[in-house]
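Here's the structure, in structure tokens; my notes come after.
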Amino acid sequence: MATPAGLERWVQDELHSVLGLSERHVAQFLIGTAQRCTSAEEFVQRLRDTDTLDLSGPARDFALRLWNKVPRKAMVEKPARAAEREARALLEKNRSYRLLEDSEESSEETVSRAGSSLQKKRKKRKHLRKKREEEEEEEEEEASEKGKKKTGGSKQQTEKPESEDEWERTERERLQDLEERDAFAERVRQRDKDRTRNVLERSDKKAYEEAQKRLKMAEEDRKAMVPELRKKSRREYLAKREREKLEDLEAELADEEFLFGDVELSRHERQELKYKRRVRDLAREYRAAGEQEKLEATNRYHMPKETRGQPARAVDLVEEESGAPGEEQRRWEEARLGAASLKFGARDAASQEPKYQLVLEEEETIEFVRATQLQGDEEPSAPPTSTQAQQKESIQAVRRSLPVFPFREELLAAIANHQVLIIEGETGSGKTTQIPQYLFEEGYTKKGMKIACTQPRRVAAMSVAARVAREMGVKLGNEGTPSNTWLLMISLDQVGYSIRFEDCTSERTVLRYMTDGMLLREFLSEPDLASYSVVMVDEAHERTLHTDILFGLIKDVARFRPELKVLVASATLDTARFSTFFDDAPVFRIPGRRFPVDIFYTKAPEADYLEACVVSVLQIHVTQPPGDILVFLTGQEEIEAACEMLQDRCRRLGSKIRELLVLPIYANLPSDMQARIFQPTPPGARKVVVATNIAETSLTIEGIIYVLDPGFCKQKSYNPRTGMESLTVTPCSKASANQRAGRAGRVAAGKCFRLYTAWAYQHELEETTVPEIQRTSLGNVVLLLKSLGIHDLMHFDFLDAPPYETLLLALEQLYALGALNHLGELTTSGRKMAELPVDPMLSKMILASEKYSCSEEILTVAAMLSVNNSIFYRPKDKVVHADNARVNFFLPGGDHLVLLNVYTQWAESGYSSQWCYENFVQFRSMRRARDVREQLEGLLERVEVGLSSCQGDYIRVRKAITAGYFYHTARLTRSGYRTVKQQQTVFIHPNSSLFEQQPRWLLYHELVLTTKEFMRQVLEIESSWLLEVAPHYYKAKELEDPHAKKMPKKIGKTREELG
């Protein structure tokens, strides 16, 4: 009989020869399954039920040999179970006997009764399991009495009944969970259906309701206005009547004086005449007094009205628009310095064309060599001399000038004739903005259908939707004004965008620009995309994670929906691969670039590409004709550093150079600051846009003539063994370099300056970028695919299959979180986790908050964790003050409670921007966290989780966080912190509140590889919590502290014994 270790090695060797892979966990699973089976055929059947092995040929022979090799023990039946079995047999035997009332009963009747009793006994045996719960109390008493009388002698019995009972219980629980999962999914679909409004069916009804509402409002306004109108009319009538009476009185007195002036009047007539004259004089005096009062009212002093609350709101608005903290103070200082500076020279110097001269050392300049030229379809022309000339060109003229416009009819004919069409066009050809409009004009949005266009980045979806809305002359989004004030609002809402945690659409939106992740979310509520007539996957060449998953899903949907049109747009020449994947779909090419682009390389490699970028920008600014510059850098830190260096050097050069506007653009930049890159350049100035690869294909910035390409980009990499994600700076691919160069030929003949040699381009750069699906974590994607009913992930139709280890780790993580059962099926908890658009561990934390009654606090923590560590602001000139302000937020327990404290205090201040500036907290990040929290709070009702608060009991908050992130734990050892499972050395991030405390057990939000393996957002926990929230993942032995054990005492030898 082989030892367990030897048997496991044998299984691993056989697996390697049969399947081509060898994994310790797979070998242990096969050995354990074989031990639980009572026959070889049962073992083969269980392996066949898992759908992981093709049990034909060598695999079946291996399974039979394994079952024969596995040791099996014949377990001795426990005395209590033997007594219970004997008690059952005795009870059944007693029930088989009957009292005979007639002693002369024939033997045949006795035999027949005995036969009927045997049949009843067999029926009772079939339903024995159903009656166990009902007879449990009676049989326990009888079994205990019989067990005392029996003295051993129990027979050996196999473990089949016990294993069957356990298996049936597990199977029953699994089926019950599946029923609950399907019922929850049905409830979610029904709620979505109830909330969805059909515009076509209810258009007349809605118009009638709106008309009724307007009539009702008009009636209410009329009722409110009539009393005031009556008062006003009464006053005007009285004033008019007063004038008329006074005129009649004066006329009557004049007539009496003219007619009866010489006649002697009686005493009564004289008194009446005197009374009339007195009334006339009083009326004149009253009128004169009124005129005098009006005259004095215009000259007298009036106390000002109370406007105490208005300036504060104005200050808040100014501060929100100004940008960073202290911006208002800086602008005030610059204004005072400008007013006090000495000005001299001609007054018309501003209108003259100055001749600037850059003072640079020859060693500092960078020499470029022209190598190649990217041909265009138009003749080179001079760059635009003024922004006004660009603004005069109408939007429709711009649309007609795009390369896609001459092929409009041919493109629509190709879309009508083919279900799937691959569109290849250079960046800036107009395929993203024009093709959806062509489809809209052609009638693809009739009968309530919609057109979806996916973008890999949220900034691209927002900017493209704004551009299309401006071209169509419609309103962007829903009836309310979105948070982005720079987006155009006109009349209708037929164009909208949908990104994570921000939905700017309504029920009337027919052109929907969205990120590819949001379209994946649409599959949860609408697996067949029945409301869409066209799906356009744009920028397919970027091969993001969600784009690759979309390819497989849309390909499957298109097979059973022939009326669905699928467009795959790419800007590279690698369209043949897309065509092969979509069953040899035709390729429609939009030829040419609008203007040629000259490519320049450096003579020698540059040691510091960031410094070389700054110097090259200044060289281009001085030596080249007018035209804006686009600089590509890797990330936010490099962009901010480059902008600061450029602004500092321009400030030192002063009037020696023209005005240079430095504008950054990256994903975490607020939307209103991102919009500044689209604003026209002022006359006499030059704009420099410093961007990440977001401007490579997703955005089109008008006016770009010069492109500066250092040849680097930042890519996400993932190590499945350690579970660590890292952003590393790597050389870009040739396809990316060509895309960057193509940005210069949009409005005129351009130039691309590459800060590397031509030899490096030919020999050091890869042809294409590695797809993101092969270098990232797949937990969220696997959960989404499982929610869509796709269980066989190994055979899913990927364009490029992900690594096996990454997929296995994602399945293991979801099983540990309770999202999958032992058969890999989605559980009720997993279905609820799929509804939340966050990481699986974060969604598990939110669901666990219901158990600990702290869902409100957990929502706040989840929202703060979703803003990418951009909460605190640390200006270089106020580092000490910023650090002190951050320390004031620290709470015992960890960084998650610090984030909760920051949000709570901000909410208590009335969400004030002034409070954020005083405490060095980024107001825009807090505002985004508030939006995310509101979105998550709305989703809690969707996943049937109630709102509750722990009322300051942070132990429950920490336990809820542990329930979601028990996968990320570390403990303190003599050599530092090590993760519990992988035993990997990690360090607390210096910005953490626990950096100097070093508790024994920690939980971390993420591992980041920079200079070291740092843990970000750490939380102090207790080891007993891990056994409480994840007893299936941790064992008590793993959580014991090996250094806490004392060495065993040993009696030493005496001196005589030692000799």
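The values are calculated or read from the model by the stated rules, or taken from the named source; none is laboratory data. As the structure is a computational prediction, the values presented were derived from the model and not from experiment. All Cβ positions, glycine included, derive from the backbone under ideal geometry; neighbour counts span all protein chains shown. The area values use the complete protein model at the heavy-atom level, side chains included, leaving out ligands, DNA and RNA. Shrake-Rupley method; radii C 1.70, N 1.55, O 1.52, S 1.80 Å.
Summed over the range 721-773, the residues that are aliphatic (A, V, I, L, M), open to solvent by 20 Å² or more (accessible area, probe 1.4 Å) and at pLDDT below 85 give a count of 6. Filtering Arg457, Arg470 for residues that are open to solvent by 30 Å² or more (accessible area, probe 1.4 Å), within 28 Å of the chain's Cα centre (by Cα), over 15 Å from Gln494 (Cα atoms) and assigned by the TED database to the domain that holds Glu542 leaves a single hit, Arg457.
Taken over the range 952-970, the residue count meeting the criterion of being at pLDDT below 85 and out of contact with any Leu (no Cβ under 9 Å at 6 or more places or on another chain) is 1. If the condition is being surrounded by 10 or more Cβ atoms within 10 Å (Cβ to Cβ) and of a type outside the set (A, V, I, L, M), then the range 258-273 contributes Phe260, Glu269, Arg270, Gln271, Glu272. The C-beta contact set for the range 604-623 (first residue in a helix (DSSP H, G or I), second residue surrounded by 18 or more Cβ atoms within 10 Å (Cβ to Cβ) and basic (Lys, Arg), distance under 7 angstrom, 6+ apart or interchain) comprises His621/Arg686. Within the range 587-619, the set of residues being buried (at least 17 other Cβ atoms within 10 Å of the Cβ) and charged (D, E, K, R) comprises Arg593, Arg594, Asp598, Glu606. Filtering Glu772, Glu805 for residues that are acidic (Asp, Glu) and touching a Leu at 6+ places or on another chain (Cβ under 8 Å) leaves a single hit, Glu772.
So, Gly818, is that one small (Gly, Ala, Ser), surrounded by fewer than 23 Cβ atoms within 10 Å (Cβ to Cβ) and modelled with pLDDT under 85 or not? Here the answer is no, as Gly818 does not meet what is asked. Sub-6 Å Cβ pairs linking a first residue in the range 513-542 that is in a strand (DSSP E or B) to a second residue that is open to solvent by 20 Å² or more (accessible area, probe 1.4 Å), at least 6 apart or interchain, are Thr515/Arg458; Tyr532/Lys450; Ser533/Tyr444; Ser533/Met449; Val534/Tyr444; Val534/Lys565, ordered by first then second residue.
Restricted to the range 406-450, and to residues that are among the hydrophobic types (A, V, I, L, M, F, W, C) and in contact with a Ser or Thr (Cβ under 6 Å, 6 or more places away or on another chain), which residue is least open to solvent (accessible area, probe 1.4 Å)? That would be Ile422. Screening Ala737, Ala748 for residues that are part of a helix (DSSP H, G or I) and touching a strand residue (DSSP E or B) at 6+ places or on another chain (Cβ under 8 Å) leaves exactly one candidate, Ala737.
Among the conditions (1) open to solvent by less than 10 Å² (accessible area, probe 1.4 Å); (2) in contact with a helix residue (DSSP H, G or I) (Cβ under 7 Å, 6 or more places away or on another chain), Leu663 misses just one, which is (1).
So that you can scan it fast, the table gives a plain yes or no per residue for (1) in contact with a helix residue (DSSP H, G or I) (Cβ under 6 Å, 6 or more places away or on another chain); (2) over 30 Å from Ser525 (Cα atoms); (3) open to solvent by less than 60 Å² (accessible area, probe 1.4 Å):
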residue: Gly893; (1), (2), (3): yes, yes, yes
residue: Ser909; (1), (2), (3): yes, yes, yes
residue: Arg933; (1), (2), (3): yes, no, yes
residue: Gly938; (1), (2), (3): no, no, yes
residue: Ser948; (1), (2), (3): yes, no, yes
residue: Arg958; (1), (2), (3): no, yes, yes
residue: Ala963; (1), (2), (3): yes, no, yes
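Taken over the range 22-48, the criterion of being open to solvent by 60 Å² or more (accessible area, probe 1.4 Å) and in contact (Cβ under 8 Å) with a residue 12 or more places away in the chain is satisfied by Arg24, Gln28, Gln35, Arg36, Thr38, Arg46. Take the range 984-1019 and flag every residue that is open to solvent by 10 Å² or more (accessible area, probe 1.4 Å), assigned to a strand (DSSP E or B) and more than 23 Å from Ser717 (Cβ to Cβ). If the condition is that a residue be open to solvent by 10 Å² or more (accessible area, probe 1.4 Å), assigned to a strand (DSSP E or B) and more than 23 Å from Ser717 (Cβ to Cβ), then Trp1001 is the only one that fits.
Pairs linking a residue in the range 429-441 that is within 17 Å of Val747 (Cα to Cα) and in the same structural domain as Val474 (by the TED database) to a residue that is assigned to a loop (DSSP other than H, G, I, E, B) and open to solvent by less than 10 Å² (accessible area, probe 1.4 Å), with Cβ atoms under 7 Å and 6 or more positions apart or on different chains, are Ser429/Val404; Gly430/Val404; Lys431/Val404. When Thr575 is tested against (1) of a type outside the set (D, E, K, R); (2) at pLDDT below 85; (3) open to solvent by 10 Å² or more (accessible area, probe 1.4 Å), just one condition goes unmet, and that condition is (3). Of all residues being more than 19 Å from Ile629 (Cβ to Cβ) and in a strand (DSSP E or B) in the range 694-720, which is modelled with the highest pLDDT? Just the residue, please. Applying the filter and picking the extreme gives Lys714. A count restricted to the range 914-948 and to residues that are assigned to a helix (DSSP H, G or I), under 16 Å from Ile846 (Cα atoms) and aliphatic (A, V, I, L, M) stands at 5. Of all the numbered requirements in (1) more than 16 Å from Leu708 (Cβ to Cβ); (2) out of contact with any Asp or Glu (no Cβ under 9 Å at 6 or more places or on another chain); (3) of a type in the set (A, V, I, L, M), Ala685 misses one, and that requirement is (2).
Once the range 708-720 is narrowed to residues that are touching a residue at least 12 places away in the same chain (Cβ under 8 Å) and within 28 Å of the chain's Cα centre (by Cα), the residue that is surrounded by the fewest Cβ atoms within 10 Å (Cβ to Cβ) is Lys716.
In contact with a Phe, Trp or Tyr (Cβ under 6 Å, 6 or more places away or on another chain), open to solvent by less than 30 Å² (accessible area, probe 1.4 Å) and of a type in the set (Gly, Ala, Ser), is that true of Ala675? When the stated conditions are applied, Ala675 passes them.
For the range 774-790, a residue qualifies if it is in contact (Cβ under 8 Å) with a residue 12 or more places away in the chain and assigned to a loop (DSSP other than H, G, I, E, B), and the qualifying residues are Arg775, Thr776, Ser777, Leu778, Leu788, Gly789.
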